[in-house]
Amino acid sequence: MNPTRYFTQTSSPLGQITLVTTEVGLCGLYLEGQRHWPKDAQTWVRDDHGARFDTALMALAKYFMGKSTTFDLPLDLVTGTEFQQKVWQALQEIPSGQTWTYGQLAEHLGKPAAVRAVGAAVGRNPLSIIIPCHRVMGQDGSLTGYAGGIDRKHWLLTHEGVKLPPLSE
């Protein structure tokens, strides 16, 4: 039996964000129009007035104001395979203001030949921003593969102090 998932929505510099939680912790942060939206979203229970999202909303506000680049929130990774969850744990080790390549992430996991599988797991990260999948770049330093869109990935990285060339129109 799946735990009840509650959701709320909030505005951000990146557009509308949907936060999802269980009684254990935050299990989803989805950007408007993001690829890989969960198939079970219609079963979530809306909760715009309860206190269950207060800590996450405060942490996101601090992040967007530039007052914090880390998140110390209870998480509930209720989805994903064991491999995906290992990748999502490893993503949390990438410091703010730095980037790793998919190859470096695969190497860090002790699976240097699994670059494609690592990339697929990164793309299925259910907690964008909180679990910083935006800090993973292509081997050549390109802004590749962000489910929320390359423009948002660029914004997040520059917000965290990564020096990037402007996006071409």
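Odds and ends about this structure:
- Nearest-ten-degree value, helix 54-64 long axis tilted from longest Cα axis of the chain: 30
- Taking the inverse of the mean reciprocal distance over all distinct Cα pairs, the Kirkwood hydrodynamic radius of segment 1-48 comes to 11.2 Å.
- The dipole here belongs to segment 6-64: it is taken about the Cα centre, uses +1 on the Cβ of Lys and Arg and -1 on the Cβ of Asp and Glu, and is about 160 debye.
- Alpha-carbon spread of the chain, three principal axes, descending order, Å: 44, 35, 28
- For the residue pairs Lys86/Lys153; Lys39/Lys67; Lys62/Lys111, the alpha carbons lie more than 27 Å apart in Lys39/Lys67; Lys62/Lys111.
- Using alpha-carbon coordinates, inclination of helix 82-91 to the longest axis of the chain, degrees: 70
- Solvent-free Debye calculation, one equal scatterer per alpha-carbon of segment 44-131: log10 I(q)/I(0) at 0.23 Å⁻¹ equals -1.17.
- Formal net charge of residues neighbouring Thr99 (Cβ-Cβ distance under 11 Å; K, R +1; D, E -1): +2
- Antiparallel beta bridges, as assigned by DSSP with both residues in the chain, represent about 60 percent of the total such bridges.
- Helix content alone sets the calculated 222 nm mean residue ellipticity of the chain: runs of n ≥ 4 DSSP H residues at -39500 (n - 2.57) each, divided across all residues, give -8000 deg cm²/dmol.
- Folded to 0 to 90 degrees: helix 150-159 orientation relative to the chain principal axis, Cα: 90
- Dividing the convex hull volume of the alpha carbon atoms of segment 82-159 by its residue count gives 78 Å³ per residue.
Throughout, read-outs are computed from the coordinates displayed, never taken from laboratory work. Values in this document were obtained by computation on a predicted structure and should not be read as measured data. Every residue, glycine as well, gets a Cβ built from its backbone with ideal geometry; the counts of neighbours run over all protein chains shown.
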